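The structure under discussion appears below in the form of C-alpha cells.
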Amino acid sequence: MNGTRNSFQSGQPMSRDERRHVVSLQKHKQRRRRKALTLFLLVLLIAVVGAALSLTVFFKITKINIVSSTVYGDEQIIKASGIKLNENMFLTDSDKAAKKIETALPYISDVSVKKSITGKLTLTVTETKAAMAFVEGENYLVISPVGKVLERSKIISEHVCVVEGVSYSKAEEGKTIVLSDMMASDGETVLRSGEKLLEDLVTAYRGSEDYLGGKISEIDVSDINNLEMVYEYRILLKCGEISKLDGTLKFAGAIIDRLNGENPYYRGTVDLRIENKAYYNEGDFETTQEETTEPATDEKDENKESDKNKEEEKTTKASGD
C-alpha cells in the first residue's frame, strides 16, 4: 500500500495492479454512495407515507369532551367550535376553534383545547358574567367585566351596574365594545380615547368588586377628573381622579363599612376627592337608576332616619382603619 501511495504522489506511471486497485476503490465508493442514497430514499418514503397516514387514517378525533359549568349545552359549544368527529387531530386549529366559541357564545370568556393521541379532544370552557350595562332605548346593552358585549336585554340583575357619561360607537355581541372618544367642547380635541375610557371602566369595576363587594349600581365617567359611583342605589361616592381610584375605593370600603354599622339604610353623598378624607352629606341625590326594592323599616328606624336627616351637612375627617 505504501508503494502504491508513493507512486500516486510521485506521478510515476501506475502498474497494472495499481490501476486495478484504483478502480476497485472507485467502485467501492460508488457502492457506498448508492447504499446511502437508497437508505435516504427509503427513510424519506417511510416519512411521507407516515405523514400521509397520519393526516388521513391515524389520529382522527373520535370523541369531543366538554368541561363546562356555563349556561350553554355541550352540543352548542361543539357546534360553535366548528370541530367535527373524524377530523384529523393535528389539522385542528385550537386557537381558531376557541375564538369561534368565545364569539358565538358571548357568556364564555375563555376556552382551552387539549388534544390526545387516543383521539379524544377536551374543550374546557370558562363562563363570564354580566357586569355593566349601557341604556339603549328601552333595553340594556350588557357587557362583561372586561368589556365584552354579552347581550341586549330589557331587564338586568341588581348586581349589574349602569354606565353613564360615555357612549359607544360599535357593540357586536361576542366582541369587545368600542367606546367613543371623549371630546372637548370644541368638538375636535380628544380628552380621552375610547380605548382608554374602557380601561377606566374595567379598573373602576374591578375596584368595586375588590373593595365594595360588587354592590355598585352606577358608574359615571362623564367627568374624567371626577369619577362617581353609586353604592346600593343609596350612597353617591365622589371618587375623583381615575389614576388614584384603587386607593380611593379601598378607603371608601372602610367608610361604607362604618356607615353600614351605624345605619344600614344610610342615604347620602360621600366626597372622597381629597386623599384620606371623607366628607358626608346626608340626604337624597340625583341618580338615573331607581332602586328595584325598598328595604323594610320599622317605625323606630324611620324616626332614627328622620332625626339624622335634620342635619344639613356633616363634615368628618376619617381614617381608613
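The values are calculated or read from the model by the stated rules, or taken from the named source; none is laboratory data. Keep in mind that what you see is a predicted model, and the values were worked out from it rather than measured. Positions of Cβ are generated from backbone atoms using ideal geometry, with glycine treated the same way; all protein chains shown enter the neighbour counts.
Identify, please: which residue in segment 126-156 is of a type in the set (Gly, Ala, Ser) and free of Cβ contacts under 8 Å to residues at least 24 places away in the same chain and is, among those, surrounded by the fewest Cβ atoms within 10 Å (Cβ to Cβ)? My answer is GLY137. Screening segment 95-121 for residues that are within 17 Å of GLU75 (Cβ to Cβ) and among the small types (Gly, Ala, Ser) and picking the one that is surrounded by the most Cβ atoms within 10 Å (Cβ to Cβ) gives ALA97.
Residue-wise test of (1) modelled with pLDDT of 85 or more; (2) in a helix (DSSP H, G or I); (3) on the phi < 0 side of the Ramachandran plot; (4) within 19 Å of the chain's Cα centre (by Cα).
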{"position": "VAL23", "(1), (2), (3), (4)": "no, yes, yes, no"}
{"position": "ARG33", "(1), (2), (3), (4)": "no, yes, yes, no"}
{"position": "PHE40", "(1), (2), (3), (4)": "no, yes, yes, no"}
{"position": "ALA51", "(1), (2), (3), (4)": "no, yes, yes, no"}
{"position": "ALA98", "(1), (2), (3), (4)": "yes, yes, yes, yes"}
{"position": "ASP110", "(1), (2), (3), (4)": "yes, no, yes, yes"}
{"position": "LEU121", "(1), (2), (3), (4)": "yes, no, yes, no"}
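Only a single criterion out of (1) surrounded by 15 or more Cβ atoms within 10 Å (Cβ to Cβ); (2) among the hydroxyl-bearing types (Ser, Thr, Tyr); (3) modelled with pLDDT under 95; (4) not in a loop (DSSP other than H, G, I, E, B) is not satisfied by THR92, namely (4). For segment 195-207, a residue qualifies if it is buried (at least 19 other Cβ atoms within 10 Å of the Cβ) and either of a type outside the set (Gly, Ala, Ser) or at pLDDT 95 or above (or both), and the qualifying residues are LEU197, LEU198, ASP200, LEU201, TYR205.
Summed over segment 250-273, the residues that are more than 33 Å from the chain's Cα centre (by Cα) and not polar (S, T, N, Q) give a count of 9. Just name the residue that is farthest from LYS115 (Cα to Cα) out of those in segment 66-89 that are modelled with pLDDT of 85 or more and loosely packed, with under 14 Cβ neighbours inside 10 Å. That would be VAL71. Set side by side, the residues VAL142, VAL111 differ, and just one is in contact with a Leu (Cβ under 8 Å, 6 or more places away or on another chain), more than 26 Å from LEU236 (Cβ to Cβ) and among the β-branched types (Val, Ile, Thr), which is VAL111. Kindly indicate whether any position in segment 216-232 is more than 26 Å from LYS196 (Cα to Cα) and either crowded, with 16+ Cβ neighbours inside 10 Å or modelled with pLDDT under 90 (or both). Looking for residues that are more than 26 Å from LYS196 (Cα to Cα) and either crowded, with 16+ Cβ neighbours inside 10 Å or modelled with pLDDT under 90 (or both), one finds at least one in segment 216-232, hence yes.
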